[in-house]
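Report on the structure given below.
The values are calculated or read from the model by the stated rules, or taken from the named source; none is laboratory data. Source: prediction; values computed, not measured. Here the Cβ is made from the backbone with ideal geometry for all residues, glycine too, and neighbour counts use every protein chain on show.
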Ligand SMILES: C[S@@+](CC[C@H](N)C(=O)[O-])C[C@H]1O[C@@H](n2cnc3c(N)ncnc32)[C@H](O)[C@@H]1O
């Protein structure tokens, strides 16, 4: 499985036993330092295999599954990253995702557009207004098992989440 935006490995304890190995793609060295304990505690082999989701160093059709959690907000050229995921996933391969993005409500969207320029500067390029599911569909994925909700405890402008599976054709 390939995970883009591995961060500090917060997903590591939740990898199912069926996962044979993880090719982790993460530009930030600090993430790897913070992931050390989680990596030591897992049976799943995890290898830092790439630095940029926009340009994946893997051959076409090399993975059955991909994972992205709260990463699509930050990648500068998300279309490029989705196209790369399409390329490296086998036909029928699944991208499991949970991401924040454009809210379903107009009032919240208005605030997202207002705050986004500051958000990007303060939080490493994090966008608030990306329509994640539309972007996945535009990239050619079919989206299933979709759940859209506001994250409990988060401001609505930052916590409009989409959780689901995007299937590569
Ligand atoms: C909000 S964090 C989420 C980290 C992790 N997925 C999680 O759920 O805890 C976003 C991550 O995306 C990474 N990132 C930023 N640009 C990236 C890129 N071009 N390719 C891959 N990952 C990137 C950041 O370094 C950061 O670790």
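General observations
- Scanning segment 1-52 for residues that are surrounded by 19 or more Cβ atoms within 10 Å (Cβ to Cβ) and part of a helix (DSSP H, G or I) yields a single hit, 12.
- Which listed residue is modelled with pLDDT of 95 or more, in a strand (DSSP E or B), under 14 Å from the mean Cα position of the chain (by Cα) and surrounded by 16 or more Cβ atoms within 10 Å (Cβ to Cβ), from 65, 71: 65
- Set 78, 56: member being out of contact with any strand residue (DSSP E or B) (no Cβ under 6 Å at 6 or more places or on another chain) and crowded, with 18+ Cβ neighbours inside 10 Å: 78
- Entry remark, segment 87-118: residues being part of a helix (DSSP H, G or I) and within 18 Å of residue 77 (Cβ to Cβ) number 3 in total.
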